[in-house]
Each structure stands twice: as structure tokens, then as C-alpha cells.
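The values are calculated or read from the model by the stated rules, or taken from the named source; none is laboratory data. As the structure is a computational prediction, the values presented were derived from the model and not from experiment. So basically every Cβ, Gly included, is an ideal-geometry build from the backbone, and we count neighbours across all protein chains shown.
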Amino acid sequence: MTDPERPADTTRVDPAAAEQPGVESPRRPSFRQRWAHVISSTHPPRQWAVIAAAIRTADAVPSDEFGEPVVRGDEAWCRVAVTALESPSSATAAQRLPDALPQRCLAHADLLWAWLNAPAVYSHDGRIVADGLDLVDWGTASDEATHQAVENLLTQAQDAGVFGVRGYRVEAQVVDTDDAHAGYLLVARPEFGPGLASTPLADEDLNAAQATSPVDGAVLMLASAAAVVDATLDIHDAARHRASTSRLTPGDPRRGHAFPAPHDDGATTTAEPATPPPDPPAPTRNPRGR
């Protein structure tokens, strides 16, 4: 499997141009640059499974070819990870995941963990993606800080491709009562048309106060958000189905008839002419009359 994220204009050298005097060949990007492009781009779920396998492969390498320890995110680590993206075993393991966002919300725990714990772009001192999301202690943080973390998670997880639903963009809106925080609404907004809002959610419906770490809470929050979005889409689809089946169509037995329909017993009947009424009796002559 080739690396789909490798920019062609910077990784391929034109031999003819390289042979011309005075023409400088383009420099091949470093593995850190290539990893930065991978981790900052949008990928379908199947490709994210390949990336997750590549991260595990790089994390399992303790030292480089010179015996120096490999630090997550450095050039040696990125070289192993980027090279592992082309591993056939990684591609095989990813076949069970879809190649595009599904019609119900994706929140695959393994992909979310891999994304949140991946070395960040040009990471230093072990920085990971989660460090740039302003995550919080979900049980004790202020309403403002928690809402910011929820927005960051929803936005960047959808930008990465590890969370979301086909045809919609998920947003979080704060519900205020008398200028006080009262919870959230999740809105599934299509490309065109009005958004589909969930029922009002209390904080505990979305945020996992029992989370053991900010990253653990982020995974649980996205899983809860996916369940809410799916329920909202189910309600919308059921309402559309009821509306479509309630429309009367020609031949619908609920439509009125001008005359009663004849009884159909499977036999062919021939209409008989109506019997004319009998002639009125002749008038009786009055015996007194002349």
C-alpha cells in the first residue's frame, strides 16, 4: 500500500531536472514533516486503523540503529511510523472498518485513543494531540472550561475523521436558564437545511465525571455524544417515515367512494335489466254514474 499522504511534488525527484547544471533538486521532506502531514489531515476510518497500527509499531521500537533510545515524535520514531503505514499487515487489519463515515455516528474507541495519544505535529517533550485540546478534569472543571473542551473535541475529532456521521456536522450548544448554565444541546447540521437538535442534555448526560483521566473522559464524552446524535437521527427518520406513509395515494382504501364498491367474490357477474313496475289498475266505473 502506498502512502496516500505523501505530497508528490516534494517526494519525487525529476531525474532530468537533477542532471541539468544549476538546477537544484527538491529536498525530500523529513519523516517528522511527513508525520506532521499525516496527523494533521483528515482520514477515513479505515485509514485511521492503519495509522493506529503504525503508531503501535513505532511505540514498540525501543532504540534506533545506533542504539540510541527512540523518543515518541522524533525523527527515528516518525521514520518507523511512516514506514509502517505501507505495511500489508496494517492494511489487512483495517478492512473491517468503513472507508467513509457511516450513516450513524462513528465513535470507535480504539481510533479515538490512537488519535488522542498520537504524537502531535512537531511534538517536543512527548506532547500528544490531546495536549492541544484544552481537556479538563471532567468532574471538577468550570462550566466554561468544560464547554470549551467539548467544542474542541467535537471540532477537531471531526476534522481528523475519527468521529462523525456522513452528511452532518455535529455541534454543541449551551442551554442557559436565567443566565445560568443548564446543560447542552447537540445539533446535527446537514450541509443544506435546518439542523436537527437533540433533547436538552444535563451535564452528566454528556460529560463523564467518573473518568480516570482527561483523555479517558474525552473518549467517554465522544461516545455519549455519538449515542445522542444517533437517537436524534432515529427520531428524525421515524418522523419522515410516518409523514410519507400518511399521505393518501390513488387506490388507498381510506379514500371515499361515490358509490359502494360491488362485492367481489371472484365470480364474473352479468348485470340483469331492471324489472319494470306493474301497470296501474284501470279505474272502476261508478255504478251511479250515467
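Brief remarks follow.
- In this structure, TRP48 qualifies as farther than 16 Å from ARG127 by Cα, outside the structural domain of ALA107 (by TED's automatic domain parsing) and crowded, with 20+ Cβ neighbours inside 10 Å.
- Among the residues making up segment 201-210, those that are surrounded by 14 or more Cβ atoms within 10 Å (Cβ to Cβ) and not in a helix (DSSP H, G or I) are LEU201, ASN207, ALA208.
- Total residues in segment 26-83, condition in a loop (DSSP other than H, G, I, E, B) and either among the aliphatic types (A, V, I, L, M) or under 24 Å from LEU101 (Cα atoms) (or both): 9
- Filter result (assigned to a strand (DSSP E or B) and of a type outside the set (Phe, Trp, Tyr)) within segment 180-200: ALA180, HIS181, ALA182, GLY183, LEU185, LEU186, VAL187, ALA188, ARG189, PRO190, LEU196, ALA197
- Selected residue [assigned by TED's automatic domain parsing to the domain that holds SER213, in a helix (DSSP H, G or I) and more than 28 Å from GLY167 (Cβ to Cβ)] from ASP131, ASP137: ASP131
- Some residue of segment 211-224 being assigned to a loop (DSSP other than H, G, I, E, B) and either touching a residue at least 40 places away in the same chain (Cβ under 8 Å) or over 18 Å from ILE128 (Cβ atoms) (or both): yes
- Condition check for THR245: over 30 Å from LEU101 (Cα atoms), out of contact with any helix residue (DSSP H, G or I) (no Cβ under 7 Å at 6 or more places or on another chain) and modelled with pLDDT under 85: no
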